[in-house]
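The block underneath contains the structure these notes are about, expressed in structure tokens.
Please treat every number below as a calculation from the coordinates, not as lab data. Note that the structure is predicted; figures quoted are calculated from it, not measured. When we count neighbours, we look across all protein chains shown, and the Cβ atoms used for this are built from the backbone with ideal geometry, even at glycine.
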Amino acid sequence: MHLLACFALKEEAAPFQKLAAGKPDVAILIVGIGRANAERSVRKFLAANSPELVLTCGFAGGLDPDLKLGDVMFEPPDSALRPPYSALPAKLVAAGAKPVKFFCADRIATTAAEKRKLRAETGADAVEMESAAIQAVSREHGVVCLTVRVISDMANEDLPLDFNALAKPDKSLDFAKLAWAVATSPSKVGALLELQKKTQFAARKLAAVLEKIISP
């Protein structure tokens, strides 16, 4: 097994799982939402396995207003990658991915105002919640790690609900709270269905780029 692709949620990973089926050199790990879950999952995996490359993948919120739904992005490494991974950034660009700066947050940025604030404070182009932990654990094990993510909500968009308020202590979605939120705000149903369509589209776009990375 040469490559480990980490995703917070199975919904993020699903299209890539189909494309990577039958490839014994590719492993996919669902790490859960947030740094703590990601660190725990990746640390356990790397204690028993030795991939040559780790990718931290999934959705990201746009902070740069120029980034659009479905844009795939990667963060260039701080130092030069050793062969054969030195060609990865160029391969990602050729596949349509854009080099950006990510900010790893402790909560979901749910409003356009919150995204503007993060952009001003961090200078980042996109925000997500797991990559810093995955990068750190990979470094400890001497494994090359790159962040490759896709825009699932743009900088000027509010999410239909505050998903931070609907999370359990482990950051997974509390479906009872979600059901109550929908029941008390039925007007949100349409926006939630639209969000589902957008995230499915984004996951497919990400999978298409990742497929090119694992192809010879």
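Using Cβ point charges alone (K and R +1, D and E -1), the dipole size of the chain about the Cα centre works out to roughly 300 debye. Ranking Ile108, Gly22, Leu67 by Cα position along the charge dipole of the chain, where only Lys, Arg, Asp and Glu carry charges on their C-beta atoms, puts Gly22 farthest toward the positive end. Packing here is the average count of other Cβ atoms within 10 Å per residue, and on that basis the peptides 179-192, 53-66, 200-213, highest first, run 53-66, 200-213, 179-192.
Across all directions, the average projected area of the convex hull around the alpha carbons of region 16-116 is 8.1 nm². Calculate the length of the line joining the C-alpha centroid of region 147-216 to that of region 1-58, in whole Å. Measuring centre to centre over Cα atoms gives 19 Å.
Per the Debye formula on identical point scatterers at the alpha carbon atoms of region 3-214, with no solvent, log10 I(q)/I(0) at q = 0.11, 0.14 Å⁻¹ is -0.50, -0.83. Computed from the Kirkwood radius of its Cα pairs, the Stokes-Einstein diffusion coefficient for region 99-159 at 37 °C and 0.692 mPa s stands at 262 µm²/s.
The calculated 222 nm mean residue ellipticity attributable to helices in the chain amounts to -13000 deg cm²/dmol, summing -39500 (n - 2.57) over DSSP H runs of n ≥ 4 and dividing by all residues. Pair-distance distribution of region 133-196: all C-alpha pairs, bin width 5 Å, starting at 0; shares per bin in whole percent are 4, 14, 16, 17, 15, 12, 10, 7, 4, 2.
Can you tell me the relative contact order of the chain? Whole percent, Cα pairs under 8 Å, sequence separation 6 or more. Rounded, it is 30 percent for the chain.
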